[in-house]
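Here the structure comes first, spelled out in structure tokens, and everything after it is commentary.
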Amino acid sequence: MKILIVDDNVLTRSMIKDLLTEMGHEITGEAESGDEAIEAYRQQKPELVLMDLIMPGKSGLEALQEIRAMDPAARVVMVTAVQQGPITGELLEKGAAGILHKPFMYDELEAVLKKF
């Protein structure tokens with residue numbers, strides 16, 4: 001699967017990239033902000049986006065909404081350390097295809113990806 005990784009932390013992006021590569025997925029690109037994510041999605045048309053919720057500038061939620069407005073079929077999995085029920089509900093309501101809670105293990109990432 002062709003995947004775009006969006007996280008403001010370079011170490012987190014690197015770890016996710018390593019896991020996805022090990023699983024046999026292709027990384028189309030990386031972005032460290034919501035604005036970069038939107039532009040990267042527009043240019044690369046990945047099959048899936050793994051996007052952090054909290055980033056400086058445009059949040060993952062805002063980027064999710066803009067990506068889904070541009071492409072209603074976009075599949076975006078939100079990656080977050082925030083584990084509050086209301087946030088989860090809002091993300092799903094706004095079009096997130098899934099939610100992955102940090103810190104996560106290989107098996108949890110694999111289980112989320114198998115849904116697609």
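Assuming a viscosity of 0.692 mPa s and a temperature of 37 °C, what translational diffusion coefficient in µm² per second does Stokes-Einstein assign to the chain, Rh being the Kirkwood radius over Cα pairs?
Result for D is 239 µm²/s.
Among Val77, Met51, Ala31, whose Cα sits farthest toward the positive end of the charge dipole of the range 23-86 (+1 at Cβ of Lys/Arg, -1 at Cβ of Asp/Glu, about the Cα centre)?
Val77
Can you work out the Karplus-derived ³J(HN,Hα) for every residue in the range 14-25? Use 6.51 cos²θ - 1.76 cosθ + 1.60 with θ = phi - 60°, whole Hz, and x for glycine or proline.
4, 5, 5, 4, 4, 5, 5, 5, 4, 7, x, 8
From the phi angles alone, apply the Karplus equation (6.51, -1.76, 1.60; θ = phi - 60°) to the range 73-90 and give each ³J(HN,Hα) in whole Hz, x where the residue is Gly or Pro.
8, 4, 10, 10, 9, 7, 10, 8, 8, 6, 10, 9, x, x, 5, 4, x, 5
Taking springs between alpha-carbon atoms closer than 10 angstrom, which of Ile38, Ile16, Ile87 fluctuates most in the Gaussian network model of the chain?
Of Ile38, Ile16, Ile87, the Gaussian network model singles out Ile87 as fluctuating most.
Within the accessible area of the chain, what % is carbon and sulfur when the probe is 1.4 Å and the other protein chains stay in place?
Solvent-exposed carbon and sulfur of the chain make up 51 percent of the total.
Among the aspartates and glutamates, select those whose C-alpha is under 20 Å from the C-alpha of Lys114, and discard any that sit fewer than 8 residues away in the same chain.
Straight-line reach from Lys114, under 20 Å: Asp18, Glu22, Glu26, Glu47, Asp52.
For the pair Ile54/Lys115, report the inter-label distance in nm, with labels modelled 7 Å from Cα in the Cβ direction.
Label at Ile54, label at Lys115, 2.2 nm between them.
Starting from the 7 Å offset along Cα-to-Cβ, what nm value, one decimal, do you get for the label separation of Phe104 and Met1?
Rounded to a tenth, the inter-label distance reads 0.9 nm.
Around Ser33, with a cut-off of 9 angstrom between Cβ atoms, what is the net charge of the other residues, counting Lys and Arg +1 and Asp and Glu -1?
Result for the local shell: -3.
With a probe of 1.4 Å, find how much accessible area the range 9-116 has per residue, and write the answer as a whole number in Å².
The answer is 53 Å² per residue.
Counting only the backbone N, which residues of the range 71-112 are under 15 Å from the spot 7 Å out from the Cα of Lys45 toward its beta-carbon?
Answer for this model: 71-75.
The values are calculated or read from the model by the stated rules, or taken from the named source; none is laboratory data. On a predicted model such as this, the values are computed, not experimentally measured, just so you know. Quick reminder, even Gly has a Cβ in these numbers, built from the backbone with ideal geometry, and neighbours come from all protein chains shown. Please note that ligands, DNA and RNA were not included when accessible areas were found on the heavy atoms of the full protein model with its side chains. Shrake-Rupley method; radii C 1.70, N 1.55, O 1.52, S 1.80 Å.
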